[in-house]
Amino acid sequence: MYELRERADDIQTKVAIRREALRLFLENGFQVTTLDEIAQAAAVSPSALLNLYRSKADIVMEDDLDPLVLAAFKAQPPGISPVAAFRNAMRDVLSQLTREQNALVGQRAQLIKQDPDLRDALLTQFGGMVDQIAEVVKARVGADATNLAVRDQAGAIVSLIMSATLWAADDPVVDLVQQTDAALAKLEASLSLAAVDRDGERPETRLLTLRDGRHLAYTEWGSPDGAPIMFQHGMPGSRFGREAAQELYRSMDVRVITPDRPGYGLSDAKPRRRLVDWPSDIVELADFLHIGRFGVVSLSGGGLYALACAALIPERLLSVVTTSCPSPLDRPGALTGMQFTNRAGLWLEETMPWLLEGGTHLLNSLVKRHTAFFVDESAHASPTADQEVLSTPWVRLSIIETLREAVRSGPRVTTMTCES
């Protein structure tokens, strides 16, 4: 207990020393400010200061963010390219900084840019950061990538962060989180080194940390500067679902954003959630992407969520399109023409939910192992016109990928997602 109290005291003392040191450096100059002046301003003895920092440069160069960013980088899920994963990590860490921490980051950047000795120290520090990032990049892309390619990407990431930080030092109004994220987005688009399970048609997965702490995974298709559309995938479905080829999206100049709903894919589940909870997640995603108004397009069971958006956030929507959306099932004739398996599932949910849950567990396991078989069998049971479309290679592969990702987290997702 004593050691914990002592460590907490050291942390508070270091914060006070850094705050006063940065203030004095900016007011009087780094070279002329003495350690005794810093100790006096921070209300600590010179010996206590020297126990924590060996020099003035150490006070400036100590970076509390690097370990946090590296930990968040390592924690990113597989299947995301290194730049996208690092972008998620930076966004998560920087967005949680307090106002005082943001101010310290800006002051530190100003000092480093002003003083040549500190710039040299920064280059040495970032050199070590390249080594650490390269280790994480190597783990993400697998053994096939050359060491040179890995270090090139790690070096590009570090150089970009250094450039964005120093550039922001000239303008205190600049949003460092937004500036860094925008720079990483450009880097992400220009580098080809990818995670081991990425294929040519799959966009990068990005993660947003919502206000309640949940992660929301999403992808973007089409033109980055196009008209924004939020696509609501089916049940089951995932962020890899889409209704057109990339070329068509780009030719239409649309930006299609597809989030995993809670519990699907890489999005965290939300226990006891309701259908009407979903629009607030969509608004938070749109705000994060700096999108004011947008369209909503949905497929099958996603139509319920599109209509929830239409009902609860109409002021944010340009239009809403639903395709094959389920109608209220208590209306006469609602089940006419529905496939037997769907009607059986609805009946079991009403009469024997325990049996439905057991069957869902079994089905989930089979779908995970034999995804292509289930997709092909479903296509064979479809009308002839649909079979022609579903047999198109990119369509078939897209459905397989979407379904495989949908069942990633297990069958409890399906039952939760059906709650309203």
Out of region 10-45, which residues are of a type in the set (G, A, S) and assigned to a loop (DSSP other than H, G, I, E, B)? G29, A43, S45
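Taking P271 as the residue in question, decide whether it is more than 18 Å from I291 (Cβ to Cβ) and either at pLDDT 90 or above or among the hydrophobic types (A, V, I, L, M, F, W, C) (or both). Don't jump to the end; show me each part of the working.
Values: more than 18 Å from I291 (Cβ to Cβ): yes; either at pLDDT 90 or above or among the hydrophobic types (A, V, I, L, M, F, W, C) (or both): no.
Answer is no for this residue.
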Restricting attention to region 296-313, and to residues there that are not small (G, A, S) and not in a loop (DSSP other than H, G, I, E, B), which single residue is farthest from A406 (Cα to Cα)? L312
Could you look through region 271-295, keep only residues that are charged (D, E, K, R) and either assigned to a helix (DSSP H, G or I) or in contact with a strand residue (DSSP E or B) (Cβ under 9 Å, 6 or more places away or on another chain) (or both), and pick out the one that is farthest from C309 (Cα to Cα)? D287
Kindly list the number of the only condition in (1) in a helix (DSSP H, G or I); (2) open to solvent by 30 Å² or more (accessible area, probe 1.4 Å); (3) modelled with pLDDT of 90 or more that fails for S319. (1)
On the given criteria, is G234 surrounded by fewer than 22 Cβ atoms within 10 Å (Cβ to Cβ), in contact with a strand residue (DSSP E or B) (Cβ under 7 Å, 6 or more places away or on another chain) and modelled with pLDDT of 90 or more? no
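Which strands (runs of 3 or more DSSP E) sit wholly inside region 202-250 and have at least 3 residues that are hydrophobic (A, V, I, L, M, F, W, C)? Break it down stepwise before answering.
On the way: elements: 206-209, 215-222, 227-232.
Qualifying strands (runs of 3 or more DSSP E): 215-222, 227-232.
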Which residues, taken from region 117-153, are under 30 Å from N28 (Cβ atoms) and open to solvent by 70 Å² or more (accessible area, probe 1.4 Å)? D117, R119, D120, L123, T124
A244: passes all of (1) in contact (Cβ under 8 Å) with a residue 60 or more places away in the chain; (2) over 19 Å from N88 (Cα atoms) but (1)
Which residues, taken from region 102-149, are assigned to a helix (DSSP H, G or I), over 15 Å from A57 (Cβ atoms), without any contact (Cβ under 8 Å) to a residue 24 or more places away in the chain and not small (G, A, S)? D131, E135, K138, N147, L148
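Considering only region 256-270, state which residues are among the charged types (D, E, K, R) and either buried (at least 22 other Cβ atoms within 10 Å of the Cβ) or outside any loop (DSSP other than H, G, I, E, B) (or both).
As a first pass, look at region 256-270 and keep what is among the charged types (D, E, K, R): 260-261, 268, 270.
Result: D260, R261.
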Being at pLDDT below 90 and open to solvent by 40 Å² or more (accessible area, probe 1.4 Å) is the filter here; which residues of region 275-304 pass it? L299, S300
So, of the residues in region 71-85 that are in contact with a helix residue (DSSP H, G or I) (Cβ under 6 Å, 6 or more places away or on another chain) and more than 16 Å from T219 (Cα to Cα), which turns out to be most open to solvent (accessible area, probe 1.4 Å)? K74
Say we look at region 388-420 and pick out the residues that are open to solvent by 70 Å² or more (accessible area, probe 1.4 Å) and in a helix (DSSP H, G or I); which of these is modelled with the highest pLDDT? R404
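Quick check: anything in region 74-97 of a type outside the set (V, I, T), at negative phi, touching an Asp or Glu at 6+ places or on another chain (Cβ under 6 Å) and modelled with pLDDT of 85 or more?
Of region 74-97, the ones of a type outside the set (V, I, T) are 74-79, 81-82, 84-92, 94-97.
Next cut, at negative phi only: 74-78, 81-82, 84-92, 94-97.
With touching an Asp or Glu at 6+ places or on another chain (Cβ under 6 Å) added as a condition, the list becomes 81, 84, 91.
Still in the running and modelled with pLDDT of 85 or more: none.
There is no residue in region 74-97 that is of a type outside the set (V, I, T), at negative phi, touching an Asp or Glu at 6+ places or on another chain (Cβ under 6 Å) and modelled with pLDDT of 85 or more.
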Test D253 against the stated conditions and say whether it is open to solvent by 20 Å² or more (accessible area, probe 1.4 Å), more than 13 Å from P203 (Cβ to Cβ), at pLDDT 85 or above and not hydrophobic (A, V, I, L, M, F, W, C). yes
Filter region 191-220 for residues that are over 14 Å from the mean Cα position of the chain (by Cα) and modelled with pLDDT of 60 or more and give the result. R202, D212
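Go through region 372-388 and count every residue that is closer than 14 Å to T402 by Cβ and of a type in the set (G, A, S). Before you say what the answer is, go through the steps one by one.
Initially, region 372-388 is screened for residues closer than 14 Å to T402 by Cβ, giving 372, 374-375, 378-379.
If we keep only those that are of a type in the set (G, A, S) too, we end up with 372, 378-379.
Result for region 372-388: 3.
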Only residues in region 296-313 that are among the β-branched types (V, I, T) count as the first member; pair them with residues that are assigned to a loop (DSSP other than H, G, I, E, B) and open to solvent by 10 Å² or more (accessible area, probe 1.4 Å), Cβ under 7 angstrom, at least 6 apart or cross-chain, and list the lot. none
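The values are calculated or read from the model by the stated rules, or taken from the named source; none is laboratory data. Everything numeric in this text was worked out from a predicted model, so none of it was measured. We place every Cβ from the backbone using ideal geometry, glycine too, and count neighbours over all the protein chains shown. The accessibility values were calculated without ligands, DNA or RNA, using every heavy atom of the protein model including side chains. Shrake-Rupley method; radii C 1.70, N 1.55, O 1.52, S 1.80 Å.
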